[in-house]
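Below: one structure, written as structure tokens.
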Protein chains: 2
Amino acid sequence: MQAGHEDGSPEALEAGMKKHGISPPLLQQILRLSAFHTYPAPGVLIGAFMVDWALEQLGASPEQKLYSVCETPKCLPDALQVMARCTTGNNRLRVLPIGKFAITLNAPSEGETADAVRVFVDLEKLKKFPVIDAWYANSPAYDKRTMKGQLQDEIFRAGRSILSSERVRVAVTKKKKWQSVTCPCCGETVPDYLIEGDRCGACGSMNYYTRI
Amino acid sequence: MQAGHEDGSPEALEAGMKKHGISPPLLQQILRLSAFHTYPAPGVLIGAFMVDWALEQLGASPEQKLYSVCETPKCLPDALQVMARCTTGNNRLRVLPIGKFAITLNAPSEGETADAVRVFVDLEKLKKFPVIDAWYANSPAYDKRTMKGQLQDEIFRAGRSILSSERVRVAVTKKKKWQSVTCPCCGETVPDYLIEGDRCGACGSMNYYTRI
């Protein structure tokens, strides 16, 4: 990392980006994203370039309502949340645990499907960036303790050059209509479409806590 | 909403909070949260009071690493993301589609389980707040077009008084060790634990797009 800056600090992150000429608007977005994620994880930094490029291809304005899919739960969803305003809670982010560093982004559509941009880390292009390649493959050649700074530097050097994109079509999911029903087991109400047979998920397959 | 402020604007939201004496630090958090979510949805406003109370009960500092479960995907996860720094991408937020307005929050634990605080919307207590009650039950008595302002006002008036809490114990999930494997179908790599039989999720059950 940069001399005089604490490893992982916003100042070090900013210095690292300036070294590689990251544009001021993207730099500011990455600082916000890193603060939201609580640290500048490699996955969110790569994600920033992915979302930035997808937004550019869509020609989307910052205020536009967009919908997204993220093909991994690791780090990358946060780039969509902060930069494309598709959040877990506002229902415009769908996370599929496929395990690929890929996203799709689309504008609203009245139809059954929407045309979307898919941006992904291109494994062929990654070969030119050995540290990112080793990190991405979870290879023993990447040592987290000693190579973090190198990895971050290579990510900023690479920018979009490790990415590819394609046009795809995705299904549009409509809001479900629902009624509130009482679970006979716990006596609390849940939406009808979440009942599992004769009980709610908390009394069924999603029971996850015990009272103490 | 307040005269002179556009319905749903940050100014109207702030005025609504000041009317009910919401503390300045919580007010600032709610403004941040509303911006992140892209609008002051009733669910995120109630969520702000839930997370604020859970943090207080845990005695957590703003910088502390916390883990959370959210029992609905609707709105509420965003309060945990913004106020407790448990995000979808940093793996400290688990969303279970149970359909209850409830969260648990806990500090890290070295053991197999962790003691957590569970905060939930208490259906008994809701009876004193007819507009929130009708909205929560998705009842026809709540008309979104005409009653939004009333609902927001009642949420700020209610604050924590519609909530209850309990101490619970939750399982601690450890990070999975993984190796990168190549899907024989698409030729791309994914973590081994995400392979579905002989192919990755994108070539299997999670296929969600067609190229155009």
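The values are calculated or read from the model by the stated rules, or taken from the named source; none is laboratory data. Model, not experiment: these values are computed from the prediction. Cβ coordinates were reconstructed from backbone atoms using ideal geometry, including for glycine residues, and neighbour counts include every protein chain displayed. Protein only, heavy atoms only, side chains kept; ligands, DNA and RNA dropped before computing areas. Shrake-Rupley method; radii C 1.70, N 1.55, O 1.52, S 1.80 Å.
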> Quick check: is even one residue across the stretch B:25-48 more than 11 Å from chain A (Cβ to nearest Cβ), among the aromatic types (Phe, Trp, Tyr) and open to solvent by 10 Å² or more (accessible area, probe 1.4 Å)?
Replying inline: no
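Matching residues to (1) over 13 Å from B:GLY89 (Cα atoms); (2) under 17 Å from the mean Cα position of the chain (by Cα):
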| site | (1), (2) |
| --- | --- |
| A:LYS65 | yes, yes |
| A:MET83 | yes, yes |
| A:ARG94 | no, yes |
| A:ILE98 | yes, yes |
| A:PRO108 | yes, no |
| A:VAL117 | yes, yes |
| A:LYS125 | yes, no |
> Across the stretch A:180-212, which residue is farthest from the other protein chains (Cβ to nearest Cβ) among those that are of a type in the set (Ser, Thr, Tyr) and in a loop (DSSP other than H, G, I, E, B)?
Replying inline: A:SER205
>> Please pick out the residue among A:ALA79, A:ALA60, A:ALA48, A:ALA54 that is more than 19 Å from B:LYS175 (Cβ to Cβ) and outside any helix (DSSP H, G or I).
In response: A:ALA60
> Going through the stretch B:82-100 one residue at a time, which ones are among the basic types (Lys, Arg) and part of a loop (DSSP other than H, G, I, E, B)?
Replying inline: B:ARG85, B:ARG92, B:LYS100
> In this structure, is A:SER139 among the small types (Gly, Ala, Ser), in a loop (DSSP other than H, G, I, E, B), open to solvent by 10 Å² or more (accessible area, probe 1.4 Å) and at the interface with chain B (Cβ under 8 Å from one of its Cβ atoms)?
Replying inline: yes
> Condition test on A:PRO73, is it open to solvent by 50 Å² or more (accessible area, probe 1.4 Å) and outside any strand (DSSP E or B)?
Replying inline: yes
> Among (1) of a type outside the set (S, T, N, Q); (2) over 20 Å from the mean Cα position of the chain (by Cα); (3) open to solvent by 50 Å² or more (accessible area, probe 1.4 Å), where does B:GLU188 come up short?
Replying inline: (3)
> Name the residues in the stretch B:4-24 that are in contact with a helix residue (DSSP H, G or I) (Cβ under 9 Å, 6 or more places away or on another chain), at pLDDT below 95 and either part of a helix (DSSP H, G or I) or open to solvent by 60 Å² or more (accessible area, probe 1.4 Å) (or both), would you?
Replying inline: B:GLY4, B:HIS5, B:GLU6, B:ASP7, B:PRO10, B:ALA12
>> Just the residues that are of a type outside the set (A, V, I, L, M, F, W, C) and either touching a helix residue (DSSP H, G or I) at 6+ places or on another chain (Cβ under 9 Å) or assigned to a strand (DSSP E or B) (or both), please, taken from the stretch B:101-121.
In response: B:THR104, B:ASN106, B:THR113, B:ASP115, B:ARG118
> With respect to the numbered conditions (1) at pLDDT 95 or above; (2) within 11 Å of chain A (Cβ to nearest Cβ); (3) surrounded by 15 or more Cβ atoms within 10 Å (Cβ to Cβ), which one is the sole condition not fulfilled by B:GLU124?
Replying inline: (3)
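Matching residues to (1) facing chain B (nearest Cβ under 9 Å); (2) in a helix (DSSP H, G or I); (3) at pLDDT 95 or above; (4) open to solvent by less than 60 Å² (accessible area, probe 1.4 Å):
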residue: A:VAL131; (1), (2), (3), (4): no, yes, yes, yes
residue: A:TRP135; (1), (2), (3), (4): no, yes, yes, yes
residue: A:ARG145; (1), (2), (3), (4): no, yes, no, no
residue: A:GLU166; (1), (2), (3), (4): yes, no, yes, yes
residue: A:LYS174; (1), (2), (3), (4): no, no, no, no
>> If I ask for residues that are free of Cβ contacts under 8 Å to residues at least 12 places away in the same chain and either at the interface with another protein chain (Cβ under 7 Å from one of its Cβ atoms) or in contact with a strand residue (DSSP E or B) (Cβ under 9 Å, 6 or more places away or on another chain) (or both), which ones from the stretch A:59-90 would you list?
In response: A:THR87, A:THR88, A:GLY89, A:ASN90
> What number of residues within the stretch B:101-113 are touching a strand residue (DSSP E or B) at 6+ places or on another chain (Cβ under 9 Å) and open to solvent by 10 Å² or more (accessible area, probe 1.4 Å)?
Replying inline: 7
> What number of residues within the stretch B:147-164 satisfy the criterion of being open to solvent by 50 Å² or more (accessible area, probe 1.4 Å) and of a type in the set (A, V, I, L, M, F, W, C)?
Replying inline: 0
